[in-house]
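The values are calculated or read from the model by the stated rules, or taken from the named source; none is laboratory data. Note that this is a predicted model, so its numbers are computed, not measured. Virtual Cβ from ideal backbone geometry, glycine too; neighbours counted across all protein chains shown. In case anyone asks, the SASA skips ligands and DNA or RNA and just uses the protein heavy atoms, side chains included. Shrake-Rupley method; radii C 1.70, N 1.55, O 1.52, S 1.80 Å.
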Amino acid sequence: MRILIIYTGGTIGMAQGPRGLAPLVGGLAAPLAQRCPGAELLEYAPLLDSSSMTPRHWAQIARDIQARVADFDGFLVLHGTDTLAWTAAALAYQLQGAGRPVVVTGAMRPWSAPDSDAPGNVEAAWALLHQPAFREVGVVFANRVYRATRVRKLDCSADEAFDSPNAPALGEYVGRQWRLDSLRLAQVPAVMDRLQPINPDWQVLSVRLAPGFNARWFGEQLRQAPPQALLVEAYGSGNLPEESVLLDTLGALATRIPVAVCTQCLRGTVQLGQYAAGSPLAAAGVFDAADMTPEASLAKLYWVMSQTPDLAVRRALFETPLLDDRSA
């Protein structure tokens, strides 16, 4: 198989410097050539810590893959772990029906570090790219593969840093062999054969609620300078504080722009209107993220914004299960 490795940066290729770990240009060329024989390497310049990744980079990676679909049978994306889940989800939405496996992975420790998890993650990802049944965007970490629209980083220290709380893993790498859940892989259709790009210039604001935040002030700020789309990580099943300024503002915004609500909880689903604290949002017509992750919710907002200007169509697209991003 012809495989392209896209190295964007991240801990996997870092080295110790005077100010701590930083990306090392060219540092992965030799070990990747040994682990992934025959692969071609595309190293981004500059290499980035994933905390510096933005939607503009999501779009760039998708374009680089789409431009080379005819030349390669699969793609391995090496990425920092902190924002890997957002990038993976964004790639899934943009590359629907590309007909090629795209595997995203990284490491919790640099390749050169003692007992690094990097070689093992790359080995597992490389093996997955050679599985004929796998033809989607997935995240490989610690010998498991997760659906790109379901994965989250849940641990900032352990090798088993990722999981998909509302959906099981797609497979496990055991004894240098992949055991894949073929029934779940079959649920992902090849929708289209072209890039469905996002517009990284959309002003999409993501806000996580916390006790004690000034809900009135936030509502006033939204009135004065509204974004083009808003994602609210609400409490529980989609609840907000009963602050009239905030609720009135969100209700007014929801008639003009996408206002989506997801839950902060790792498991479970939004149920707008179940409690009185969430009923004003349900009445306002906000987008219901159901059991989608915050990462997939944000990436999907960028995607639906980029597909159509019609608010009703945007809501329908957002609330329709796509790439198994939410339970039916």
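Numbers below:
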| read-out | value |
| --- | --- |
| Linear extension gain, Ala113 paired with Tyr275, 0.36 nm per residue minus alpha-carbon span | 53.3 nm |
| Distribution of pairwise C-alpha distances over region 204-328, 5 Å bins, in % | 2, 12, 23, 26, 22, 11, 3, 0 |
| Derived scalar couplings ³J(HN,Hα) [region 5-16; Karplus, 6.51 cos²θ - 1.76 cosθ + 1.60; whole Hz; x for Gly, Pro] | 9, 9, 9, 9, x, x, 4, 3, x, 7, 9, 6 |
| In region 96-192, the trypsin sites (Lys or Arg not before Pro) that fall in loop regions by DSSP, at most 13 other Cβ within 10 Å | Arg176 |
| Spacing of the two label points (7 Å from each Cα toward its C-beta) at Met1 and Leu209, in nm | 4.4 nm |
| Ordering of 83-91, 22-30 by burial proxy (mean other Cβ atoms within 10 Å per residue, highest first) | 83-91, 22-30 |
| Loop-located trypsin sites (Lys or Arg not before Pro) in region 251-318 whose Cβ has at most 10 other Cβ within 10 Å (DSSP) | Arg256, Arg267 |
| Percentage of interatomic Cα-Cα distances in region 123-222 larger than 18 Å | 62 percent |
| Per residue, the convex hull volume that the Cα atoms of region 116-162 enclose (Å³) | 62 Å³ |
| In Hz, Karplus ³J(HN,Hα) per residue of region 91-98 (6.51, -1.76, 1.60; θ = phi - 60°; x = Gly, Pro) | 5, 4, 5, 6, 9, 4, x, 5 |
| For region 242-302, the Rg and Dmax computed from alpha carbons only, in angstrom | 11.5, 30 |
| Per residue solvent-accessible surface (Å²) - the chain, probe of 1.4 Å | 42 Å² |
| Percentage, to the nearest whole number, of Cα pairs in region 3-73 over 15 Å apart | 58 percent |
| Unit charges on C-beta of K, R, D, E only; dipole of the chain, Debye | 320 debye |
| Neighbourhood charge, 12 Å Cβ-Cβ cut-off, centred on Met108 and excluding it, Lys, Arg +1 and Asp, Glu -1 | -4 |
| Pairwise FRET efficiency - Ala29 versus Leu311, Cβ, R0 = 45 Å, nearest 0.05 | 0.40 |
| Within a Gaussian network of the chain (alpha carbon springs, distance under 10 Å), most fluctuating of Ala283, Ala161, Ala107 | Ala283 |
| Principal axis dimensions, largest first and in whole angstrom, of region 1-154 by Cα | 44, 31, 28 |
| For Ser206, residues with placed amide H under 5 Å, excluding near neighbours | Leu231 |
| Net length gained if the chain between Ser52 and Leu154 were fully extended (0.36 nm per residue, minus Cα distance) | 34.8 nm |
| Prolate/oblate/rounded call for the chain, Cα gyration tensor, a/c under 1.5 rounded | prolate |
| Separation in nanometres of the label points that stand 7 Å from Cα toward Cβ, at Asp248 and Ser327 | 3.7 nm |
| Restricting region 1-92 to trypsin sites (Lys or Arg not before Pro) in coil, as DSSP defines it, with at most 16 other Cβ within 10 Å | Arg2, Arg19, Arg68 |
| Centre separation in Å (Cα based) which lies between region 276-299 and region 34-100 | 29 Å |
| Percent of Cα pairs exceeding the 21 Å cut-off, where the set is region 50-138 | 31 percent |
| Residue-averaged 222 nm ellipticity for the chain, from DSSP H runs of 4+ at -39500 (n - 2.57), nearest 500 | -8500 deg cm²/dmol |
